[in-house]
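Single-structure report; data block below.
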Protein chains: 2
Amino acid sequence: MKIGILGTGAVGQTIGTALINKGHEVLLGSRTATNQKALAWTAQNGSNAKNGTFEDAAVFAELIFLCLNGTGAVDALQQAGSHNFSRKVVIDVTNPLDFSHGMPPSLLPEYSNSWSLGEEIQKQLEDARVVKALNTVTAKLMVNAALVNDANHNLFICGNDIDAKNKVKHLLAENFNWKPENILDLGDMKYARMTEGIVPFWVSVMQQQGTAMFNYLVVR
Amino acid sequence: MKIGILGTGAVGQTIGTALINKGHEVLLGSRTATNQKALAWTAQNGSNAKNGTFEDAAVFAELIFLCLNGTGAVDALQQAGSHNFSRKVVIDVTNPLDFSHGMPPSLLPEYSNSWSLGEEIQKQLEDARVVKALNTVTAKLMVNAALVNDANHNLFICGNDIDAKNKVKHLLAENFNWKPENILDLGDMKYARMTEGIVPFWVSVMQQQGTAMFNYLVVR
């Protein structure tokens, strides 16, 4: 599958490499076509790895991952051109974290409590089928759920398009070892308020555990 | 032990009855000394059960549970008299939930993201040793952790006083079947932003699960 990734940080690179290893073609998009991190990633990941602008990634892709910094996400989508996302499944991994007051982070005030970055992204990309997913775990665990507790832990997703959510579940199961029954669909994109809202808590538990390699299992 | 409970709703009554059943003396405090729910509770719970005003509960108690509605909590503490909490361990079970926009709830804006009700309560009761605890699970589970997954799930607590947190851990283990190793101390009272912040998420998972009898287990 042709997959575009917007964002060249640890999350974008980790997801990109994992998808290359599963046989997909990946274009890593950044603000400029000559981003050094993207060029280095492309050089290390073989002929299925490409890089370009945000727009290049959106145009190239059948399916798109958003791995952008929360503060720059909306601007990046505008650079990419919202028409280039039309009808495509977009997996939104972004978190609107605000580290400006130190640790633990808070949320950017404009994307806290009664509005979320996920909702804003769906609003910006009105014809796209956005699914909020993977933003509640660390990058290495995103791409290999089996690294924690034999994959017995939960991912919380949401979005407005049920078919898109099913496609994302399938993709995460096929490529990243997530057990479909452990992927819990909380509802429409409004629930991004919840799955983004628990990320400052996640950072606090990370501090308490002394590792980012953990997740939650809902038990009854 | 003489325990005061501020708040006569399901949480206050459930905790009160559980403590009576463990042999404690409990005074259930409300806005007026003739609150009908408190009188009914007292009549049903034997000679160790008492009721009175918020102030009566604070004066009576060696240890205090706050089981107040988020919107009325600060007002209730002012009625009770902050000097009556001096040096006492106060277990803050409150959540600043805002249901005015329907389900799922958000947080009251004044207690969201960068400030919490737990921090406000510690500020109001400056000489008290406030521990935020139990607010992340349903009332029946608060008082009997063994009702879910053989008590293998986590409680997240925080507060500024380490000795008070240890006393609360001990009390929850002795009376409510919480395994001490499953009670995770996230840090000082600032972390109430996190443990209150995950409650709208909890409501969303409750909707998804179809029951409130669940909790999270941190797995590695």
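A few notes on this one:
- Simple label model, 7 Å out from Cα along Cβ direction - B:Glu126 to A:Lys2, nm: 6.6 nm
- Estimated FRET transfer efficiency when R0 is 45 angstrom, pair A:Asp75-A:Asp150 (beta carbons, to 0.05): 0.65
- Chain B: relative contact order as a whole-number percent, Cα under 8 Å and 6+ apart: 18 percent
- Region B:97-160: GluC sites (Glu not before Pro) falling in loop per DSSP and having at most 12 other Cβ within 10 Å: B:Glu126
- Mean sequence separation of contacting Cα pairs (under 8 Å, at least six apart), scaled by the length of region A:70-156, corresponds to a relative contact order of 33 percent.
- With its label point defined 7 Å out from Cα along the Cα-to-Cβ axis, A:Asp127 lies at 6.8 nm from the matching points of the other copies, in increasing order.
- 15 Å beta-carbon shell around A:Phe156, net charge (K/R +1, D/E -1): +1
- Label 7 Å beyond Cα on the Cβ vector: A:Asn149 copy-to-copy distances, nm: 0.5
- Ranked for footprinting exposure by Cβ neighbours inside 10 Å, fewest first, B:Val26, A:Val148 give A:Val148, B:Val26.
- Among residues other than B:Glu110 with Cβ under 14 Å from its Cβ, the summed charge is -3 (Lys and Arg +1, Asp and Glu -1).
- Neighbour net charge for B:Leu141 - beta-carbon separation under 14 angstrom, K R +1, D E -1: +2
- From least to most packed, judged by other beta carbons within 10 angstrom and beginning with the fewest, B:His153, A:His24, A:His170 follow the order A:His170, A:His24, B:His153.
- Given charges at Cβ of Lys, Arg, Asp, Glu: region A:2-209 dipole, positive-most of A:Ala40, A:Asn135, A:Gly52: A:Ala40
- Secondary-structure-derived ellipticity at 222 nm for chain A, considering helices only, amounts to -10000 deg cm²/dmol, per-run term -39500 (n - 2.57) for DSSP H runs with n ≥ 4.
- Order of B:Ile162, A:Ile20, A:Ile198 - criterion: other Cβ atoms within 10 Å of each residue's Cβ, fewest first: B:Ile162, A:Ile20, A:Ile198
- Placing unit charges on each Cβ (+1 for Lys and Arg, -1 for Asp and Glu) gives region B:2-209 a dipole about its Cα centre, and among B:Ala18, B:Gln122, B:Leu63 the Cα reaching farthest toward its positive end belongs to B:Ala18.
- Estimated inter-spin distance, B:Ala212 and A:Lys140, nm [label 7 Å along Cα→Cβ]: 3.9 nm
- Beta bridges per DSSP with both ends in the protein assembly as shown, % antiparallel, nearest 5: 20 percent
- Applying 1/(1 + (r/R0)^6) with R0 = 30 Å to the Cβ-Cβ distance of A:Asn177 and B:Glu181 gives a FRET efficiency near 0.60.
- Between region A:49-126 and region B:34-51, the Cα center-to-center distance that results, in Å: 54 Å
- Averaging 1/r over every pair of different alpha carbons in chain A and inverting the result gives a Kirkwood radius of 17.2 Å.
- Distance between the pseudo-spin-label points of B:Glu62 and A:Lys37 (7 Å out from Cα toward the beta carbon): 5.6 nm.
Since every read-out is calculated from the coordinates, none of them should be taken as a lab result. Just so it is clear, the model here is predicted, and its values are computed rather than measured. So basically every Cβ, Gly included, is an ideal-geometry build from the backbone, and we count neighbours across all protein chains shown.
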